[in-house]
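Participant: Take this structure first; my questions come after.
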Amino acid sequence: MRSAIRSLFSLRKNWKLTAIAVFSLSIAMALAVVSLSVSNTLLILPPAGVDPGRLVTIYSRAPDEPIGEISYPDYKYFRENSRVFTDIAAAPNSISVNFQMDEHGEVRIVSRPVSENYFVVLGLRPFLGRLFAPGEINRTRPWQS
């Protein structure tokens, strides 16, 4: 405790040096945060798609809610009858968390169901393996018996 009190007195005695040190450290920390943010955005995070400027989100609109989700039949209709968009993919706004039991314990599964053409619309290719083939998505949930 005495050493802490002596340190405070020493900092108070040399207040100019203390102010310069605090100012220098705050500038260094601010520069570090900005550089990490810029490098994270430009170098580490991949773009949302090949041409993110051409991606749009389609919402429904009702008097009681300004922004709503589109139903699956509406998605199918828009996809089959669209003359404006190259292609339309579906992805809900929610992410589901499911639990699957096995012999070793509980396994947490986080999923977001998407349409079979979701990755193609984004222009993404897998590093290994392949993407969904048309009609391949299983609509049942294997973790529910």
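The values are calculated or read from the model by the stated rules, or taken from the named source; none is laboratory data. It should be emphasised that the depicted structure is a prediction, and the values quoted were computed from it without experimental measurement.
Participant: So which residues in the range 67-95 are polar (S, T, N, Q) and modelled with pLDDT of 70 or more, if there are any at all?
Facilitator: So the first thing to find is which residues in the range 67-95 are polar (S, T, N, Q), and the list is 71, 81-82, 86, 93-94.
Hits for the range 67-95 are Ser71, Asn81, Ser82, Thr86, Asn93.
Participant: Among the residues of the range 27-37, is any modelled with pLDDT under 85, of a type outside the set (Lys, Arg) and over 23 Å from Pro134 (Cα atoms)?
Facilitator: Yes - at least one qualifying residue is present in the range 27-37.
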